[in-house]
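The values are calculated or read from the model by the stated rules, or taken from the named source; none is laboratory data. Since this is a predicted model, take the numbers as computed values, not measurements. Here the Cβ positions follow ideal geometry from the backbone for every residue, glycine too, while neighbour counts run over all protein chains shown.
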Amino acid sequence: MSEGSSCSSLQLLNGRGSITNGDESNAPNTNKKGSACNDGNGGTYHSDESIDQITVTAGDMDGTGSAGFITSGGKATVAVKVWCWNTGASDFLDLYFTTNVDNPVWIALTTITCPGGGEQILKHTFDVEQGAVQSIRANFRYNGDPSSCSNGSYDDHDDLMFAVKQSSVLTPPPTPAPTNESPSGGGPQTASFDGVLGVPKCPAGSSCDSGALLDGRGTKGPESNQPNTLNSACTDGTSGTYHEDESIDKIVVRRVSGGDGDLTEGDVVTIEATVWCWNTGSSDYIDFYYASSATNPQWVPVGGNVGASNRVQCPGGAQQTVSMTYTLPAGGLQAVRVNMMYNAGDPGVNSCVTGSWHDTDDLAFVVKSNPAGSSVTSTEKNDAQGTIVVFERGEDEVEADNLKKKLKDMDESGEKPKNNGNGNNGNGGNGNNGNGNGNGGGNGNGKNN
């Protein structure tokens, strides 16, 4: 295998397993030195899902750096040609990489939702690490949760190995936290700053504590590496004084039941935030979020709703500890977000607030896979921006996709689906629209913006 500026599978991956009219050559085309990963055989070629080609090219998606070799310490872009079923709203591409093809440990890069039906080319730029021969894995699935080897009837999995030119001046980077295939650790963990993620991160353990890394807010106080949010998505407010005005000073994630075992998918955990509340605390509010993937965060509000119904008010002034509880979804490297605001403002669709006294901080941590596996589900849906669940593709579109696939299965199999006896619950309307706030008189404690 020779070094070069790009590596392509060409037609070798075209199709999926043994689907009708689309047998894939040498299926499943996944590394035999790793765990077996077989394709689903449901459906028809270029009607249902398939991965048709994988290409890795040196440089960014805009072509920067593409003239040279794929080199450790540089960047490369993976482009995956896929066939998306129907509207594409129910199809997802999980991308993973490994630097050791002889003993692969698959590390998550991102998850991309099909932007439409039919042939699509989905791209992602990643940092190339040390390792003479590396590999990309593409996991293309109909619904389900992020995985390096999903098991659906319409799912396809393909690997592409490529040679990497080793930089003579590059210091080997820290080993990335593995996905849920093989995390390790134990006991309470204190986070260290992860320069790739841009936030504090813990290895596998029974709890994750940000320590002093989040203390303060932006330029107000000693906060290191601010803004300490994934993808640097949020900007902290810069008004006020440290430990007089609002700040998030620490975040801890720990299992509700305690114990020394590592945090595991399906565990009930508490997000505990140490915050500084202004004055009496009556004007300060905290929102909590979680994401099953720290590398491609889709923020879900703890409790299921954004806003007042799940918002915690400071119980008093000065240093306070507030918390909320949720269940860890499936995902090997997860994250939580704490959002503190002055007055009950709107956290916005990206879970960041933009006020002068507002603070937003994230904490990432490794989570072990659940031995029960299939009993753990994710409550998230992906969207283009990696934000709170604001769907560019409507829920009705996804529901229509799912129904059409079920009808297609019935038609092909001649069998009726089993009735699980669960009726559909109607959604009651919100009765809050008529509730105006009668606090216009105030108590003289307001801040000037």
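What the table below lists for this structure:
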| quantity | calculated |
| --- | --- |
| Tabulated pairs, segment 192-203, first within 8 Å of F365 (Cα to Cα), second modelled with pLDDT under 95 and part of a loop (DSSP other than H, G, I, E, B), C-beta under 7 angstrom, 6+ apart or interchain | K201/A177; K201/A191; C202/A191; P203/A177 |
| Condition met for A89 (aliphatic (A, V, I, L, M), outside any strand (DSSP E or B) and under 24 Å from the mean Cα position of the chain (by Cα)) | yes |
| Condition check for K81: charged (D, E, K, R), outside any loop (DSSP other than H, G, I, E, B) and assigned by TED's automatic domain parsing to the domain that holds P115 | yes |
| Tabulated pairs, segment 251-270, first more than 26 Å from Q320 (Cα to Cα), second part of a strand (DSSP E or B) and of a type in the set (S, T, N, Q), C-beta under 7 angstrom, 6+ apart or interchain | G266/T327 |
| In segment 240-284, the residues that are of a type in the set (A, V, I, L, M, F, W, C) and within 19 Å of G186 (Cβ to Cβ) | V252, V253, V256, L263, V269 |
| Residue in segment 352-362 that is of a type outside the set (D, E), modelled with pLDDT under 90, in the same structural domain as N279 (by TED's automatic domain parsing) and buried (at least 20 other Cβ atoms within 10 Å of the Cβ) present | yes |
| Options S47, S35, S72; residue that is in contact with a Lys or Arg (Cβ under 8 Å, 6 or more places away or on another chain) and small (G, A, S) | S72 |
| Residue match in segment 206-225 (condition: in a loop (DSSP other than H, G, I, E, B), in contact (Cβ under 8 Å) with a residue 40 or more places away in the chain and under 19 Å from the mean Cα position of the chain (by Cα)) | no |
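Per-residue answers, yes or no, for (1) buried (at least 18 other Cβ atoms within 10 Å of the Cβ); (2) among the hydrophobic types (A, V, I, L, M, F, W, C); (3) touching a residue at least 12 places away in the same chain (Cβ under 8 Å); (4) outside the structural domain of S135 (by TED's automatic domain parsing):
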residue: G17; (1), (2), (3), (4): yes, no, yes, no
residue: E24; (1), (2), (3), (4): yes, no, yes, no
residue: T30; (1), (2), (3), (4): yes, no, yes, no
residue: G34; (1), (2), (3), (4): yes, no, yes, no
residue: Q53; (1), (2), (3), (4): yes, no, yes, no
residue: V56; (1), (2), (3), (4): yes, yes, yes, no
residue: M61; (1), (2), (3), (4): no, yes, yes, no
residue: I70; (1), (2), (3), (4): yes, yes, yes, no
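For (1) buried (at least 16 other Cβ atoms within 10 Å of the Cβ); (2) in a strand (DSSP E or B), each residue gets a yes or a no:
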| site | (1), (2) |
| --- | --- |
| I112 | yes, yes |
| G116 | no, no |
| T125 | yes, yes |
| A138 | yes, yes |
| P146 | yes, no |
| G152 | yes, no |
